[in-house]
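Just below is one structure, and these are the notes that go with it.
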Amino acid sequence: MAHYTNPAGYDRFMGRWSARLAPLFVDFVGPTDGLVLDVGCGTAVLSRTLLDLSPTVEVVGIDPARSYLDYARRLIDSPRIAVVCGTAEVLPFAGASFDAALALLVVQEFCEPAVAVREMKRVTHPGGVLATCVWDFRQGMPMFSLFWEAASAIAPDAVAPRRAETGGPSPYANRETLDALWRHSGLAEVRTTALQVPLDFTSVEDFWTPFLLGSTGTSAFARDLDAATGGAVSARVRQMIGERWGEGGFTLVATAFAVAGRA
């Protein structure tokens, strides 16, 4: 979580994708009411979506990043949500406390995903739904593909060790692994899907500026590499986007894999 200290920057960088994905994810999960646990809530994109979609749902968000929780508290003015600091692997709630437990785009961040899912199951009523989703970082996240292509063209010697250091995409970034994680956790009625998420960019700046805010490990690397190359990475990104989409706005479509099951 070293780079997860700039929630406003994160909302501009990845949060805008999450805001488009969250309604699709909730629709896949199905009718969700009562008391819902938002695991790894971050800037509370999922919580905000749940509150907007249902006038009766109540949400408890939990996340280890206090700066993100403070940001969420300032952003949401509703008596139907509470946020607490804690980890998914040790949820500070009694068993069967929630009607559903959802996790938007965080399972790959958990130290022990299997433990976290068992905890989600423990705190959910029997029959309640548990669900998560993960971006397809292998082939379905063109925003990052564009950056890595540009960075590799400009500074391959810097990119190679960075890619090796991160170990590549999460093993949970596919339907099969998510399905197995849910089934091995003893969940019933397990189902998966792929969600297509379009996002419009008004300009190159709209696409690229959030990379330079350093709100995640990847964006911090992008910012530092661009500075080290005297803006050459920025120039390459601009060139690539111009060649493929011309001047002005363009649209990218990302893919997320989702899984749901019942306790």
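What residue, among those in region 195-248 that are among the hydroxyl-bearing types (S, T, Y) and in a helix (DSSP H, G or I), is farthest from V134 (Cα to Cα)?
The selected residue is S234.
Determine which member of the set A94, A8, A100 is more than 25 Å from P169 (Cβ to Cβ) and crowded, with 22+ Cβ neighbours inside 10 Å.
Being more than 25 Å from P169 (Cβ to Cβ) and crowded, with 22+ Cβ neighbours inside 10 Å holds for just one of A94, A8, A100, which is A100.
Determine which member of the set A222, A235, A188 is in contact with a Lys or Arg (Cβ under 8 Å, 6 or more places away or on another chain) and either open to solvent by 40 Å² or more (accessible area, probe 1.4 Å) or among the aliphatic types (A, V, I, L, M) (or both).
Among A222, A235, A188, only A188 is in contact with a Lys or Arg (Cβ under 8 Å, 6 or more places away or on another chain) and either open to solvent by 40 Å² or more (accessible area, probe 1.4 Å) or among the aliphatic types (A, V, I, L, M) (or both).
Cβ contacts < 9 Å: first residue on the phi > 0 side of the Ramachandran plot, restricted to region 188-206; second residue basic (K, R) and surrounded by 11 or more Cβ atoms within 10 Å (Cβ to Cβ), any location; separation 6+ or different chain. Result?
Short answer, once both residue conditions are applied: E189/R262.
State yes or no: is L105 open to solvent by 50 Å² or more (accessible area, probe 1.4 Å), in contact (Cβ under 8 Å) with a residue 24 or more places away in the chain and either at positive phi or hydrophobic (A, V, I, L, M, F, W, C) (or both)?
No: the conditions fail for L105.
Among the listed residues A158, A180, A173, A151, identify the single one that is of a type in the set (G, A, S) and farther than 30 Å from V233 by Cα.
Matching residue, one of A158, A180, A173, A151: A180.
When you check T43 against the structure, is it open to solvent by less than 20 Å² (accessible area, probe 1.4 Å), farther than 27 Å from R183 by Cα, among the polar types (S, T, N, Q) and part of a loop (DSSP other than H, G, I, E, B), yes or no?
For T43, the condition - open to solvent by less than 20 Å² (accessible area, probe 1.4 Å), farther than 27 Å from R183 by Cα, among the polar types (S, T, N, Q) and part of a loop (DSSP other than H, G, I, E, B) - is met.
Kindly provide the set of residues from region 165-183 that are of a type outside the set (A, V, I, L, M) and assigned to a loop (DSSP other than H, G, I, E, B), ordered by number.
G167, G168, P169, S170, P171, Y172, N174
So in region 119-164, with the set limited to residues that are of a type in the set (D, E) and either touching a residue at least 40 places away in the same chain (Cβ under 8 Å) or not in a helix (DSSP H, G or I) (or both), which one is nearest to G230 (Cα to Cα)?
Step by step, filter region 119-164, then rank; the result is E149.
Residue-by-condition table, conditions (1) under 22 Å from E109 (Cα atoms); (2) in contact with a Leu (Cβ under 6 Å, 6 or more places away or on another chain); (3) β-branched (V, I, T):
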site: W182; (1), (2), (3): yes, no, no
site: E189; (1), (2), (3): no, no, no
site: D200; (1), (2), (3): no, no, no
site: E205; (1), (2), (3): no, no, no
site: A222; (1), (2), (3): yes, no, no
site: A235; (1), (2), (3): no, no, no
site: I241; (1), (2), (3): no, no, yes
site: E247; (1), (2), (3): no, no, no
site: V253; (1), (2), (3): no, no, yes
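Here are some residues: D99, D70. Which one is touching a strand residue (DSSP E or B) at 6+ places or on another chain (Cβ under 6 Å) and either of a type in the set (A, V, I, L, M) or over 30 Å from V233 (Cα atoms) (or both)?
From the options D99, D70, the qualifying one is D99.
Taking the criterion of being under 20 Å from the mean Cα position of the chain (by Cα) and surrounded by fewer than 17 Cβ atoms within 10 Å (Cβ to Cβ), would at least one residue in region 50-63 satisfy it?
Within region 50-63 (the criterion being under 20 Å from the mean Cα position of the chain (by Cα) and surrounded by fewer than 17 Cβ atoms within 10 Å (Cβ to Cβ)), the answer is yes, since at least one residue qualifies.
The values are calculated or read from the model by the stated rules, or taken from the named source; none is laboratory data. Since we're looking at a predicted model, the values are computed, not measured. Every residue, glycine as well, gets a Cβ built from its backbone with ideal geometry; the counts of neighbours run over all protein chains shown. Side chains are part of the model used for accessible areas, which takes the heavy atoms of the whole protein and leaves out ligands, DNA and RNA. Shrake-Rupley method; radii C 1.70, N 1.55, O 1.52, S 1.80 Å.
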